[in-house]
1. May I ask you to order 26-39, 3-16 by the average number of other C-beta atoms within 10 Å around their residues, highest value first?
2. Compute the distance in nm between two label points, each set 7 Å from the Cα along the Cα-to-Cβ direction, one at residue 71 and one at residue 36.
3. Label residue 13 and residue 1 with points 7 Å out from Cα along Cα→Cβ: what is the distance between them in nm?
Amino acid sequence: MTKAEIIARVATEAKITKTQAEKAVNAVTGTITKDLKKGGRITLTGARATVCQSWTPSFFSYRSSIRQEGESQVPIPSFGRM
């Protein structure tokens, strides 16, 4: 489902304009993004949800790996993901 499809569905379900729905969707996604960047945890549950969904950011530290074709090491930088 694309963002445009979400906005259209929110507008239909809430009986609001697409502009209002877009503001609402942007507010929700912005809030979730900011909280995850701070290391927070997001859990979505509800009466219509068949599955409880959670997101928690994970951070991996710098490490190195050895190439299969040789003896040289390859650096792998640290990164975060959800």
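1. Details: 26-39: 11.4, 3-16: 12.9.
In decreasing order of mean packing, 26-39, 3-16 become 3-16, 26-39.
2. Spacing of the two 7 Å Cα→Cβ label points: 4.3 nm.
3. Result: 0.6 nm between the two label points.
Any read-out appearing in this document is the output of simple, stated calculations on the displayed coordinates, not a laboratory observation. Because the structure is predicted, anything quoted here is derived from the model rather than measured. Cβ atoms come from the backbone with ideal geometry, glycine included; neighbour counts cover every protein chain shown.
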